[in-house]
Structure formats: C-alpha cells, structure tokens
Amino acid sequence: MAFSLHGIKVPHRKHTADMPAERMTAATVTIPTVMHIGKPATPIVKVGELVKVGTLIAQQEGYVSSPVYASVSGKVTKIQDMLLSNGSFAPAITIESDGEMAQDESIAAPAINTKEDFVEALKKSGIVGLGGAGFPTYVKFNVDKPVDYLVINGAECEPYITSDTRTMLERGDDIRTGLEAVLEFIEIDKVIFAIEKNKKAAVTEMQKAVGDIDKVQVKALPTIYPQGGEKVLVYHTTKRVIGNGKLPIDVGCIVINCTTLAAIGSYLKTGLPLVEKCVTVDGGCVKEPKNVIAPIGTALKDVFDFCGGFTQEPQKVLYGGPMMGIAVPDVNVPVLKQTNAILALTEKEARLPKATNCIRCGTCINTCPFGINPPALATAFRDKDIEGIKKAGAEICMECGCCSFNCPANRPITQTNKLAKALLREVAMKEKEAK
Amino acid sequence: MENKLHVAASPHIHSGRSTQKIMLDVIIALLPAAIAGVVIFGLQALLVIAVSVVTCVLGEFLFNLIIKKEQTISDLSAVVTGLILALNLPANAPVWQVVVGAIFAIIIVKGLFGGIGKNFVNPAATARVFMLIAFASLAEPAFPKDVDAVSGATPLAQLANNQLPVLKDLFLGNIGGAIGETCTLALLIGGIYLLAKKVITWHIPVAFIGTAFLFTLAIEGGNIEMALAWILSGGLFIGAIFMATDYVTSPATPFGKIVFGIGAGLITVLIREWGKYPEGVSFAILLMNILNPYIDSLTARKLYGGGKK
C-alpha cells in the first residue's frame with residue numbers, strides 16, 4: 001500500500017493465541033437488556049418464570065436495538081436496574097440455572113428465501129457487532145443499494161485478545177456459512193478478509209475456509225495498532241475515506257467482525273440465538289489465562305474462577321483490551337454479547353504514571369491515525385472553545401489511545417479528547433433544545 | 001474487597017516512555033562531545049561543564065522551592081540545559097560568567113515562563129546569545145592545549161580571511177572554539193544515537209546542515225572544500241543536532257521540521273557571511289524559535305477526511 005495511516009506498535013501479549021476455547025457453565029447469569037448500541041430491549045419475562053436456553057426474555061425496542069435471550073435454562077429470580085459502563089441504568093434479568101442447559105423448543109434453523117428473510121433472521125438472532133461496539137448487525141445489512149466491499153475484520157490489534165483468532169482457527173465452517181449467506185442475499189462486489197500479519201495461522205486457516213469463494217480476498221495487513229479500527233481498516237483495504245460523522249455504508253462498504261460472521265453462520269445452521277460468547281481471559285492476575293466460551297450474563301468473577309482465580313489482587317479489571325477497554329468497578333458485572341476479553345491487570349501492567357508538563361515532543365500529533373492535534377484540542381477544551389475543539393479534530397477521534405500510550409509526559413490525552421467530545425454533544429443538545 | 005478496583009478511562013497501558021528517559025538519552029548523546037571537549041581543551045573544560053550543570057540543576061531546584069512548585073529536577077531537563085550551555089562556551093570562560101549564563105537559561109528563559117515545556121525559546125541557545133552580547137571576552141575562543149593560541153585563529157576567523165583550515169582537524173575538533181562544538185565526529189555519534197533511540201528525527205539536522213552547506217557552496221562559487229570547512233566550523237553541528245531539535249521550541253510535524261531547519265540554515269549563513277558576529281547558529285535557532293508557533297500552525301497535519309461533515 002502506497003500510503004497508510006499513522007499508528008503505533010503495541011505489545012502483543014497474545015499468550016492465549018494457541019489455546020482452544022473451553023466451554024464453561026454458570027450457576028447464575030445476569031443478563032442486561034442493553035448489550036448493544038441503541039435502545040434497551042424490554043423484558044417480557046416475570047420473576048419466577050421458567051426459561052430455557054434461547055428463550056426470548058427481552059424484546060427489541062425500536063430500529064436500532066436487539067432482542068435478548070436466556071443463556072441458561074432455569075428460573076428468573078430477579079429483574080433489577082443495573083449500572084452500565086456508559087453510566088446509564090437499564091434492567092437486567094437474573095436467571096438461576098437448573099443445570100440442564102435445555103434448549104427452548106421453538107429453536108429451529110430459520111427458513112430464508114429472500115433478502116428480507118435474511119435481515120429478519122439477523123434481527124431475531126440477537127447478533128450485534130461482536131468486535132466490541134455492539135452495533136445491531138441486522139441494521140448493517142438492511143441496505144437497499146449494492147455494496148462495493150464487505151470487509152471482514154480479523155485484525156484483532158488490541159494486546160492480549162485472541163478470541164477472534166480462536167474463532168478463525170476453530171470456526172471456519174461457521175464463517176463460511178455466514179459469508180455464503182451474506183453473499184447470497186446481499187449484493188456485494190468484493191469481499192476482503194483482513195487479518196494482521198502476526199496471525200499467520202489465522203490467515204492460512206481463512207484462506208482454506210473461504211479463499212476459494214470467487215469474490216473473496218484474504219489479506220494480511222501490517223501489524224500496526226489500531227489496524228482493526230473501522231475507518232482505519234476500510235482505508236487500508238479499500239483506500240476509501242469515511243469522513244467525519246459518516247458510516248462505512250456511506251462509502252459503499254460494510255465492515256463486519258469475523259466472530260460476528262461466525263455467529264451469523266451458526267445461527268443460520270441451528271437457529272440458536274446469540275447466548276454465549278468466547279472471551280479471552282488474561283492479565284497478570286489470572287492464574288490460568290485461556291479462552292473461555294461463557295454463557296452471556298456470567299459474572300466475570302465466575303469466569304476468572306473458571307481460570308483458576310487470581311494469583312494476586314487485581315488493580316484493574318477490564319472489559320476488552322488495554323487500549324480501548326472499559327475498566328469495571330467490580331468483578332460481579334456480567335459477560336456481555338460484545339465482550340471479547342476480560343483482563344485482570346496487576347498494578348505493574350495497569351501502571352498509572354503521574355502526568356507532567358507537555359514537552360511538545362509531537363508524538364501524539366504524529367501517531368494519531370486521523371491527524372488530530374491533541375495539544376491544540378486540550379487547550380481549546382480548557383478554554384471551552386467549541387470551534388477550536390472541532391478544528392483540532394475531536395469529532396473524528398475514535399479514542400484508540402495511541403496518543404496517550406506513547407506520551408512521555410503521561411498526559412491524559414485520550415481522556416481529554418473523550419471529555420471534549422462529551423462537551424460537543426452537550427452543546428449540540430442544548431442548541432437542539434433551544435431551537 | 002471487590003470495590004478496590006481502579007476505574008479509569010482507557011488506554012490502560014503505557015509504553016513506559018518518559019521525559020526523564022528522553023532527557024537521559026540526550027545526556028548520553030552529549031557525552032562523546034563533552035569527553036572530546038575535555039580531551040581537547042583540558043580539565044578547564046570539565047570545570048565549565050560542572051559549574052554549568054550544577055548551577056542549572058540547583059537554580060531550578062531553588063526556583064521551584066521559592067515559587068512553591070512541585071520539584072522537576074528529576075526529569076533531567078535542567079542537566080541537559082546545563083550541559084548544552086557548557087558545550088557552547090569556551091573552556092576559558094570565567095566561572096562567574098558561566099554561573100550567570102546558567103541562571104539566565106534556567107530561570108529567565110525556562111522557569112519564569114512556566115518550566116519545562118513552556119519556554120518559547122531554547123534556554124541554552126538564548127543564554128549563549130545573551131552571554132555573547134554581555135561578556136565580550138567570550139567571543140575570544142579557547143584553543144586546544146597543543147595549539148599555539150597566539151598564532152592560531154578560529155576556523156571561522158580563518159575562513160573569513162579566505163584561509164582553508166585542515167578538514168581533518170575540523171572533523172576531529174583539534175581547533176579553537178567552544179568546548180563541545182569542535183569535534184564533529186563526537187557530535188555525529190551523539191546524533192546517530194538520538195536517531196537510533198528515536199529521540200529526534202533526521203528532518204531538522206539534515207535540513208539545517210544541508211541548507212547551510214548548499215547556501216555556502218553557492219556563495220563560495222562551488223568550492224566544495226571551502227563549503228565543507230564552513231559547515232564543520234563553529235557551532236553548526238551541535239546547534240543542528242542538539243539545540244534546534246529541542247521539542248519545546250521546534251515544530252511537531254516532519255514538514256514543519258524541514259521548514260524550520262531550512263530557515264535556521266539560511267539565517268546561520270546570512271549572519272556568518274554578512275553579520276557582525278562570526279557565528280550565527282545560536283541567533284538562527286533563536287529567531288526560528290520565535291517563528292515556531294507560525295511554522296507549527298502552517299504545517300499542521302491534515303485531518304483524516306478533511307474533518308468536514
């Protein structure tokens with residue numbers, strides 16, 4: 001590629017890449033009604049009701065939303081508001097397992113003949129973007145014009161995480177089924193399966209699994225963070241630029257995570273909605289790091305216990321990778337649909353050095369994939385200068401963390417960008433209200 | 001026990017890069033030039049270096065103490081300032097003058113503007129200019145132990161009289177001048193170290209020295225030997241490698257750095273050729289430091305997708 005976006009080298013720490021995923025069960029699960037971008041689903045079960053694996057327990061609310069299904073068989077014991085990592089509250093449904101893991105009788109492979117059937121099936125499947133964002137997948141495919149590129153995201157550029165790698169190594173069949181269905185019902189010109197070069201086995205495996213399909217090109221991309229960022233990946237695979245506030249579809253592209261595609265394939269085969277998730281369990285505090293397939297709603301604590309528990313008290317526990325993951329307040333929060341890793345970091349790993357004066361080294365400016373000017377942004381944010389914040393590029397910040405990672409002064413750069421973006425949203429809301 | 005977890009915004013890991021490590025690398029990179037200076041000019045040079053470094057560190061320490069600011073001397077930037085200033089002074093500089101210059105650098109230029117990262121001009125370069133103007137005797141350089149100071153002249157003075165110094169002496173530093181500026185070889189070793197450690201990029205030094213070379217070559221009517229002698233003389237290499245690359249006072253982007261380097265190279269030669277002073281490197285850096293905010297904003301990176309909605 002003649003020109004690539006800037007980025008950084010991060011430590012890989014992919015200790016679990018060679019470990020096949022192990023399936024676990026849970027005695028109790030607590031399933032939030034919002035594990036996606038959009039409106040929370042509405043609970044349709046009552047306390048005391050008996051459910052089975054795959055029973056609908058909360059129905060989709062509005063266009064951008066997703067239904068929620070029971071991940072164990074047993075009794076609903078509690079429906080209670082839960083604090084979500086974005087700071088809002090939504091109901092969560094607690095189910096005590098009867099240990100049977102019996103499937104709901106209604107479960108059967110969906111009959112699909114048209115594009116509408118396909119989109120409807122995706123809607124019912126409860127599948128959301130499993131790379132971490134949780135955008136309802138059916139919305140992505142509900143397009144009314146031909147798509148130039150389907151970009152399958154197997155980059156997995158975050159340190160530690162190997163759950164996508166495991167999906168690619170273990171679920172080639174599901175990926176193929178999913179891809180064939182997508183190509184059958186959605187008009188797509190080309191498919192690029194993008195994987196970072198450091199995952200050689202995954203590249204080979206995907207070449208075997210889908211490389212023979214006409215439109216498909218399996219592409220090994222340079223290992224540079226944040227290769228898996230949607231806009232970054234689209235640019236590096238198609239050279240198309242997704243502008244400020246635009247979606248991939250605006251430039252004729254659909255981006256889908258490889259695990260999401262596998263989930264589609266598996267749903268089409270069995271009709272069992274998204275009720276379990278492969279998560280990488282790692283970090284310096286975990287006794288036996290591994291990949292675990294856990295029922296959605298399993299408390300992180302139970303997943304860590306499945307991995308032998310902690311060797312030492314963790315300093316931070318994360319949903320997702322260390323670059324963009326979310327620090328959770330306690331280990332009783334559940335595994336979500338879009339959870340791809342849970343990490344328990346030691347004090348050394350989660351080093352929080354003290355911020356000192358900016359020495360204007362320019363590292364943040366030169367490593368930002370999108371050419372944002374963080375020092376100018378910070379100054380504008382301090383002055384509450386809305387135009388300045390926009391001019392510095394806050395709106396296109398994807399919060400990848402490159403700027404903070406290499407900052408010698410340990411400035412909270414990414415964090416400032418997030419606050420600046422929040423300020424922009426607040427101002428936009430006020431303007432809207434004023435009108 | 002569960003509520004002991006630390007909650008903070010991502011990213012949760014850091015590369016471990018720090019201001020202190022960067023400054024330590026700069027100090028390591030300056031050591032060859034400092035050692036060469038002591039070998040060439042004798043223990044007198046060591047005294048100047050020690051006085052300058054100690055004054056800078058102590059000055060910053062006391063300044064922070066008086067204005068009740070958190071101590072910053074552990075970031076080692078004061079050591080770097082003291083070291084660079086000393087290497088820009090002749091070995092025979094009077095101790096009291098070194099002390100005054102170091103205090104000027106660390107308190108007037110750096111401290112009063114808010115400390116590390118806030119000074120808009122390079123402390124060492126500014127202090128050198130200040131001392132050159134304030135203490136006329138400093139314009140008369142020290143000479144190596146084995147060179148006869150009476151019959152000798154600095155290479156810049158020789159060049160001004162159209163004499164060609166021995167290029168090998170210029171490269172190895174066996175000539176009159178400031179402590180750390182004469183041994184080009186040592187400076188290059190330091191520069192390569194900084195490049196390898198990714199503390200600096202090639203843009204400023206190459207643009208600075210390259211421009212100075214080409215401009216001089218044009219003035220000298222294409223005489224490559226004369227042009228080489230000009231760029232190997234005076235403080236061009238120490239200025240281009242160590243002072244013009246100061247993060248705080250130079251542009252952030254590669255393009256900005258090249259503009260900065262070209263500007264500094266042009267001004268250096270203009271002063272050397274037509275100015276009152278034999279040497280123009282520090283003046284050139286100082287002037288470009290002042291232009292830096294403009295260069296920075298004119299050479300800023302473009303936002304991905306133009307940033308437009």
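Rounded, prolate or oblate: which one fits chain A, using the alpha carbon gyration tensor with axes a ≥ b ≥ c (rounded when a/c is under 1.5, else prolate when a/b beats b/c, else oblate)? Judged from the Cα gyration tensor, chain A comes out rounded (a/c under 1.5). Straight-distance candidates among the lysines for linking to B:Lys68, with alpha-carbon spacing under 19 Å and chain neighbours fewer than 8 residues away dropped: A:Lys354, B:Lys110, B:Lys118. Per the 1.4 Å probe, what fraction of the accessible area of the protein assembly as shown, in percent, lies on carbon and sulfur atoms? Here carbon and sulfur together make up 60 percent of the probe-accessible area. Along the stretch A:319-328 the Karplus relation, 6.51 cos²θ - 1.76 cosθ + 1.60 evaluated at θ = phi - 60°, assigns HN-Hα couplings of 8, x, x, x, 7, 10, x, 10, 6, 9 Hz to successive residues, with x for each Gly and Pro. Charging the Cβ of each Asp and Glu at -1 and of each Lys and Arg at +1, and nothing else, the dipole of the stretch A:363-434 about its Cα centre rounds to 100 debye. Summarising the amide proton neighbourhood of A:Thr339: residues at separation of 5 or more, or on other chains, whose placed amide H is nearer than 5 Å comprise an empty set. Placing A:Arg240, B:Arg128 in order of accessible area, with the largest value first and a 1.4 Å probe, yields A:Arg240, B:Arg128. Within the same chain, lysines fewer than 8 places from B:Lys168 are excluded, and of the rest, those with a Cα less than 25 Å from its Cα are B:Lys145. Once the Cα atoms are used to define both axes, helix B:123-134 deviates from the longest principal axis of chain B by about 40 degrees. For chain A, DSSP calls about 60 percent of its internal beta bridges antiparallel.
Length gained on full extension, A:Asp98 to A:Ile213: 37.0 nm, using 0.36 nm per residue less the C-alpha separation.
Let a ≥ b ≥ c be the square roots of the eigenvalues of the Cα gyration tensor of the stretch A:19-73; is it rounded (a/c under 1.5), or, if not, prolate (a/b larger than b/c) or oblate? Intermediate results must be reported in sequence, preceding the final value.
Numbers: a/c = 2.69, a/b = 1.32, b/c = 2.03.
The shape class here is oblate.
Axis of helix B:77-87 versus longest Cα principal axis of chain B: the two differ by about 0°, to the nearest ten degrees. Buried accessible surface for the A/B chain pair comes to about 4300 Å², total over both chains, computed with a 1.4 Å probe. Derived scalar couplings between HN and Hα for the stretch B:38-45 equal 5, 5, 6, 9, x, 5, 4, 5 Hz in order, rounded to whole Hz, by the Karplus curve 6.51 cos²θ - 1.76 cosθ + 1.60 (θ = phi - 60°), x for Gly and Pro. Paramagnetic label reach from A:Tyr63 (point 7 Å along Cα→Cβ; backbone nitrogen cut-off under 17 Å): within the stretch A:213-247, residues A:246-247. Across the stretch A:389-397, computed HN-Hα scalar couplings (Karplus, 6.51 cos²θ - 1.76 cosθ + 1.60, θ = phi - 60°) run 4, 5, 4, 6, x, 3, 4, 8, 5 Hz from first to last residue, x flagging Gly and Pro. Summing +1 for each Lys or Arg and -1 for each Asp or Glu, what net charge is found among the other residues whose Cβ lies under 14 Å from the Cβ of A:Ile57? Charge balance in the 14 Å sphere: +2.
Spin-label model, A:Lys190 to A:Asp117: label points 7 Å out along the Cα-to-beta-carbon direction sit 3.1 nm apart. Placing R0 at 25 angstrom, the Cβ-Cβ distance between A:Glu22 and A:Ala108 gives a FRET efficiency of 0.35 after rounding to 0.05.
Of the whole protein surface, A:Cys364 contributes about 20 Å² of accessible area at a 1.4 Å probe radius. Taking every protein chain into account, the 1.4 Å probe leaves A:Ser404 with about 10 Å² of accessible area, to the nearest ten.
Of B:Ile267, B:Ile241, B:Ile108, the order by accessible heavy-atom surface (1.4 Å probe, DNA, RNA and ligands excluded), from most exposed downward, is B:Ile108, B:Ile267, B:Ile241. Legend: mean number of C-beta atoms from other chains within 10 angstrom of residue C-beta atoms, peptide B:67-75, equals 1. The overall shape of the stretch B:19-298 is oblate: from the C-alpha gyration tensor, with semi-axes ordered a ≥ b ≥ c, the ratio a/c is 1.5 or greater and a/b is no larger than b/c. Distance between the pseudo-spin-label points of A:Leu247 and A:Lys197 (7 Å out from Cα toward the beta carbon): 3.4 nm.
Modelled label positions at A:Lys287 and B:Lys21, each set 7 Å beyond Cα in the direction of Cβ, lie 3.4 nm from each other. What pairs in A:Lys348/B:Lys197; A:Lys197/B:Lys21; A:Lys287/B:Lys4; A:Lys14/A:Lys337; A:Lys14/A:Lys239 have C-alpha atoms more than 26 Å from each other? Checking Cα-Cα distances, A:Lys197/B:Lys21; A:Lys14/A:Lys239 exceed 26 Å. Considering only the protein assembly as shown, what is the antiparallel percent among its DSSP beta bridges, to the nearest 5? Roughly 60 percent of the DSSP beta bridges within the protein assembly as shown come out antiparallel. Among the helices of chain A, those built from whole DSSP H runs whose Cα atoms reach 24 Å or more along their own axis and whose mean Kyte-Doolittle hydropathy is at least -0.5 are A:413-434.
Residues of A:69-79, mean number of Cβ from any other protein chain within 10 Å of their own Cβ, rounded to a whole number?
Mean shielding by partner chains, rounded to a whole number: 0.
Computed from the Cβ-Cβ distance with R0 of 30 Å, the FRET efficiency linking B:Ile219 to B:Ile290 stands at 0.75. Shown for the stretch A:380-400: residues covered by the partner protein chains by 20 Å² or more of accessible area relative to the chain by itself (probe radius 1.4 Å), namely A:Glu395, A:Ile396.
Paramagnetic label reach from B:Asn64 (point 7 Å along Cα→Cβ; backbone nitrogen cut-off under 14 Å): within the stretch B:1-45, residues B:19-21.
Inter-chain Cβ neighbour count for A:314-327, averaged per residue, equals 4 (cutoff 10 Å, partner chain atoms only). The residues of the stretch B:15-111 expose on average 40 square angstrom of accessible surface per residue, using a 1.4 Å probe on protein heavy atoms. For the stretch A:340-435, GluC sites (Glu not before Pro) are listed when DSSP marks them as loop and at most 15 other Cβ atoms sit within 10 Å of their Cβ; the list is A:Glu347. Over the residues of chain A, the helix contribution to mean residue ellipticity at 222 nm works out to -8500 deg cm²/dmol, using -39500 (n - 2.57) for each DSSP H run of at least 4. Heavy-atom accessible area for A:Lys78, with the other protein chains in place and a 1.4 Å probe, reaches approximately 100 Å². Of the residues A:Phe89, A:Phe405, B:Phe213, ranked by 1.4 Å probe accessible area with the largest first, the sequence reads A:Phe89, B:Phe213, A:Phe405.
How far is helix B:254-274 tilted off the main Cα axis of chain B, in degrees rounded to 10, range 0 to 90? Around 30 degrees separate the two axes.
On a full-extension model of 0.36 nm per residue, what is the gain between A:Asp330 and A:Thr311, subtracting their alpha-carbon distance, rounded to one decimal in nm? Each step should come with its number before you reach the end.
Details: separation 19, 0.36 × 19 = 6.84 nm, distance 1.70 nm.
Roughly 5.1 nm would be gained on extension.
Where both bridge residues fall in the stretch A:96-215, DSSP classifies roughly 10% of the beta bridges as antiparallel. Go ahead and run the numbers for FRET between A:Gln415 and B:Ser74, Cβ-Cβ distance against an R0 of 25 Å, rounding to 0.05. E(calc), rounded to 0.05, equals 0.55.
The amide H of A:Lys290, built 1.01 Å from its N in the peptide plane, has A:Val281 as neighbours under 5 Å, considering only residues 5 or more places off or on other chains.
The values are calculated or read from the model by the stated rules, or taken from the named source; none is laboratory data. Owing to the predicted nature of the structure, the values given are computational and were not obtained by experimental measurement. All Cβ positions, glycine included, derive from the backbone under ideal geometry; neighbour counts span all protein chains shown. Each accessible area value is taken on the protein alone, full model and side chains, heavy atoms only, with ligands, DNA and RNA left out. Shrake-Rupley method; radii C 1.70, N 1.55, O 1.52, S 1.80 Å.
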